[in-house]
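Read the structure below first, then the notes.
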Amino acid sequence: MMIKNSLACLTLSLSLINWTGNDTGTDRIYGGFYTAERISNLRANCDIFEWAGKQRDVVIERAKTWLAKSDEELWAMVPGQKLPRTIDVTFDRLIPGSKFIGCLICGDKIRKFGNYPYDPDCENKPWKLTCPSCMSVFPTNDFEKFYLSAIDEHGLFDPEKGDRSLLFNADHPDPDDPLYKFGVDDGSGYNDQNGRAHRYIGYYTWKYWTWLNDGLEALANGFIYTGDKQYAHKAAILLDRIADVYPDMDWKPYADRGWYHSDGGSMLGKIGGSIWETGVAQQLADSYDKILSGTKGDKELYAFLQQQAEKYELPGIKGSREDFIKNVDKGILYTALEAVLSRQIRGNQGMHQMTVATCAAALNTEPYTTQWLDWLFEPEGGAIPGLMISRTDHDGTSDEGAPGYAFIWGRYMTELARLLGDTTKYNRNNIFRDFPQFVNTYTAAYRMSVLGIATPNIGDAGSTGLVSSQANPDFMARGYSFTRNPDIAVAAYRANGNSAEGLGRDIFSPDPEALGREIRQTGEKAGPRPEGGYLMSGFGLALLESGSGRSGFALADNYGRTKMHAHPDLLNFDLFAFGHWLAPDHGYPEFATKIPSNTEWTGSTISHNLVFVNGQPQKDAWGGHAVFFKQLKGFGAFEIDGQKAYPELKVYSRTMFLIGGSNTGNSDSDAYVVDIFRVAGGNDHVYSFHGPPGTIAITGLNPENQKTGTYAGEQIPKGVWTKDFPVGYSHLYNVKRDQDPPVQFMLDWKAEAGYRGLTEKDDIHLRMHSLSQSQDVALAEGDPPQNKPGNPRKLGYVLMHRYGTDLNSTFVNVIEPYKKFPFIKSIRRLDKVNGPEIAIQIELKDGTIEYVLYNSAGQNSMQLENGISMNGTAGYIKVKDGKVIKGILVNGSALKYGKMNLKSKGVITGKVIKMNRELSGGGWLITDIKLPADGSLNGEQIIVATDSQRDASYTIRNIVRENGQTKVYCGPISFVRDFKGGTIEVRTFTVPKSYDQGYLYDFEEGAQFRITSHKVWTRN
Ligand SMILES: [Zn+2]
Ligand SMILES: [Zn+2]
């Protein structure tokens, strides 16, 4: 990596700010990305390959209406600062109480159409929004007439100058009609009888700008695909006009009025909020880059621009290609750069960096392009090295706690790498050379998808019970093109349905199908996805699996970030069975803003399958730490320590088993989960769990209805902000409570028809067998977000409550997903119900008896009355026809029952004596003990003790003997977790201050490590 001293950095930043556009580079023919060679490859490929020809057809079709518009028409289409923008018609940040009031006619009914329910047709129905629920059309006035009456001498809308006599309801033109002013919007919104504004035009204009920018892009594509300069001509008119107005665009005045946009609460932005503006500016710069070569010699264009400038008394000189380039360089590229520096453009990490990179590429003028790109790699600039190290984990995901958000960084860095590599021949910084562990970003989404098909809905991601994979085969193919890493090719092939069809096509390349051929070869050799789960200790996800595809079972336990777009949900789990999520997370909140249903419910701890402690939500944490992890065929188990989420507790730890379901040989096609949640410390513990939406059958409890109120109390109505009661309790309604519950009871959720495509005859259930003592158990209902398509109306919760001083709780539950008929006949706890030892006897309908054993004090022997004994952490015994037929021991020395006498060496422990301290070279460490180099430990986890926030657990890829020592290779990762030298705040993000004072690590040399051991015994 290039490490520059801070003086040089300062100089660079200053020179960036001082660049205000000059004559340098205004004679250039091409933008930086769309070079002569790439454009000519593209056009040739469209003639050679059918798929490329089809792309060209689509491009031509999309640009058709835009190409048909006259120059004057296009020029006049660009609005200025005084045409207001917002992304919500009624949301008001300044008003206390309800932020949303829905549709003027049908109210809340519009909410089920999502966060952005109106989708105007700018081409055919200008200035109108149609409610998708009641089909009412607003505003009621002919806004276009008013708009045209308000165009000032510079060609821009100024509402002050408009003819206000045009502001009336077109269907009620009589001034004495009480509806004369109803639904009328002059741009600032229609105020209803309660004084609440409905900003139809503001919302329309947000969509209008998107449409305009897409139109520009359609024209720009039309040019590079066809070479017809008419497209470039039309695009240039839009670009030049946008460059006129863009410097003055400012979202803040609208934010100050309480209007809503994607500004992350900063109130800053340009056309729109600062977050989405990153994409707006990128799209403008990219279109510019595309069309530049098509504007050469277009005298008519420059004459037109000159004529408009004279007619509308515009500042600056127009009339030549140089003038045009100068105007767009300054009005768009430099303006965007300046807006990034001033935070008017600032998105999730990676987004504004990409804006600068795209502008730098389009500028294609030295020394500025290189300087702008250098800025990206400075601590106080784009801070990419700092973010790569301190905010990215070894799974290639970022510090965001929700899958979609956690992938943003990788996606933008990929775009950046493409720009740096393919375009500018920029070589001072190189993503893949300088940050080798970044390679893992390409497979992260695929690895996160259980059974290769469903990404768990964690944090602000997806929606309630949504089954979909965020793995994008094209993205992986792109990653493979940069790295030639075979793991990526294999993942791309599998995620693409075990095919390379259509993958890796680079239409700009001289041989656009070369990559696809390579991916097919590698993918075919590797074959389909193997069965079984794994640990993603970088992101923080423990996956247990059994079977494969939609008929498989999967348990996903999230133990990553509880901050950023996460929920405070460390150790939350969901269960995938019969093609559905059966203990579903709420997913993306109703609105990503501060309203009770988000902040205090969807984004609360109690709405998750977790133990809620002391009435307090979990704290912000990077993640939990694996204690052990084991996945075998038909048997998986792990324990994750989540104490970082409740630092005041002594223990906050979850141990889970997924047993059965492997579909191998026998009738073993059912699977169940054992959940052991241990909490020590605090005075109030609530184990919260919910199954799929639907009815709950109760066995063994006698709950009494609470007549009014919520879980927060009889006097506390549903949905109110927290005050003197724990967060989330007011969202649990229809409460029933058993004040004297038994240790053992059973709840049976029947997934309702309509839930994510289920029908009545699917008959899918989830049974929970509770096996621990609570002081009271309540059942209640809670609503997931109501504005996401497919979300259920409500979910049924169970809340097992324990209280006292310095509590020590172990919540034990067996969770049984089944179709039509349950397969578990009976369950019994064989232990003393209050010690560290858990022993559960599970009798199946087919007569099989299984024992699941867990001993948190693993060094002590566990002795059961029926003769079972175990020395170890976890065990499993299967008995058929009175005979032991299988036994599994994890991290133990002995497991005995009947004729089985299983012995094992127990957990493997030792010390790390040396490790790779660099970013490159992969994650390797040298151990003080000799480990087998025969491949027997490949795939196992080596769990290194650490005081760091990060989980120092790594999958062993290979073990070799080198110079008489044991070297463990953990794949293309790095143990570096941060830069030394402290932090600074840049654009409101905390990032490392300098890159030249060395690194901090996940763990240190000398640390103890453990490798989970196991032994399987089968009767022969
Ligand atoms: Zn409506
Ligand atoms: Zn959640």
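The values are calculated or read from the model by the stated rules, or taken from the named source; none is laboratory data. All of these numbers come straight from a predicted model, not from anything done at the bench. Quick reminder, even Gly has a Cβ in these numbers, built from the backbone with ideal geometry, and neighbours come from all protein chains shown.
What the table shows:
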| quantity | calculated |
| --- | --- |
| Hey, residue 891 crowded, with 21+ Cβ neighbours inside 10 Å, of a type outside the set (Ser, Thr, Tyr) and in contact (Cβ under 8 Å) with a residue 24 or more places away in the chain or not | yes |
| Options 619, 633, 563: the member that is more than 21 Å from the chain's Cα centre (by Cα) and surrounded by fewer than 23 Cβ atoms within 10 Å (Cβ to Cβ) | 633 |
| So residue 910, is it more than 16 Å from residue 971 (Cβ to Cβ) and of a type outside the set (D, E, K, R) | yes |
| Some residue of the range 105-120 being under 23 Å from residue 173 (Cβ atoms), away from ligand 2 (no atom under 16 Å from the Cβ), in contact with a helix residue (DSSP H, G or I) (Cβ under 7 Å, 6 or more places away or on another chain) and touching a residue at least 40 places away in the same chain (Cβ under 8 Å) | no |
| Residues located in the range 94-143, provided they are surrounded by 18 or more Cβ atoms within 10 Å (Cβ to Cβ), modelled with pLDDT of 90 or more and not in a loop (DSSP other than H, G, I, E, B) | 103, 110, 129, 138, 143 |
| Selection status of residue 637, modelled with pLDDT of 95 or more, of a type in the set (Gly, Ala, Ser), over 15 Å from residue 726 (Cα atoms) and more than 16 Å from ligand 1 (Cβ to nearest atom) | yes |
| Residue that is surrounded by the most Cβ atoms within 10 Å (Cβ to Cβ) [pool: residues in the range 207-230 that are farther than 14 Å from residue 280 by Cα and among the polar types (S, T, N, Q)] | 221 |
| Condition check for residue 591: among the aromatic types (Phe, Trp, Tyr), more than 12 Å from ligand 2 (Cβ to nearest atom) and over 19 Å from residue 749 (Cα atoms) | yes |
| Selected residue [at pLDDT 95 or above, over 27 Å from residue 951 (Cα atoms) and either in contact with a Leu (Cβ under 9 Å, 6 or more places away or on another chain) or not β-branched (Val, Ile, Thr) (or both)] from 506, 511 | 511 |
| Tally, over the range 191-240, of residues that are in a helix (DSSP H, G or I) and polar (S, T, N, Q) | 6 |
| In the range 144-164, the residues that are surrounded by 15 or more Cβ atoms within 10 Å (Cβ to Cβ) and either within 16 Å of ligand 1 (Cβ to nearest atom) or over 27 Å from residue 66 (Cβ atoms) (or both) | 159, 162 |
| Single residue of 899, 911 found to be more than 17 Å from residue 627 (Cα to Cα) and out of contact with any Leu (no Cβ under 7 Å at 6 or more places or on another chain) | 899 |
| Candidates 361, 336, 309, 303, filtered to the one that is among the hydrophobic types (A, V, I, L, M, F, W, C), more than 30 Å from residue 568 (Cβ to Cβ) and touching a Leu at 6+ places or on another chain (Cβ under 6 Å) | 361 |
| Residue ranges of strands (runs of 3 or more DSSP E) in the range 538-612 with at least 2 members away from ligand 1 (no atom under 16 Å from the Cβ) and in contact with a Lys or Arg (Cβ under 9 Å, 6 or more places away or on another chain) | 541-546, 573-577 |
| Selected residue [more than 16 Å from ligand 2 (Cβ to nearest atom), within 22 Å of residue 139 (Cβ to Cβ) and among the aliphatic types (A, V, I, L, M)] from 59, 78 | 78 |
| Qualifying residue in the range 579-586 (condition: more than 10 Å from ligand 2 (Cβ to nearest atom), under 19 Å from the mean Cα position of the chain (by Cα), crowded, with 24+ Cβ neighbours inside 10 Å and in contact (Cβ under 8 Å) with a residue 60 or more places away in the chain) | yes |
| Cβ-Cβ under 7 Å pairs, at least 6 apart or on other chains, the range 761-784 side modelled with pLDDT of 95 or more, far side hydroxyl-bearing (Ser, Thr, Tyr) and part of a loop (DSSP other than H, G, I, E, B) | 778/711; 780/711; 782/607; 784/464 |
| Test: residue in the range 727-740 that is crowded, with 16+ Cβ neighbours inside 10 Å and among the small types (Gly, Ala, Ser) | yes |
| Leading residue by the ranking (farthest from ligand 1 (Cβ to nearest atom)) among those in the range 122-139 that are more than 18 Å from residue 170 (Cβ to Cβ) and of a type outside the set (Ser, Thr, Tyr) | 123 |
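Okay, residues lined up against (1) hydroxyl-bearing (Ser, Thr, Tyr); (2) crowded, with 24+ Cβ neighbours inside 10 Å; (3) farther than 19 Å from residue 563 by Cα:
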site: 342; (1), (2), (3): yes, no, yes
site: 359; (1), (2), (3): no, yes, yes
site: 398; (1), (2), (3): yes, yes, no
site: 409; (1), (2), (3): no, yes, no
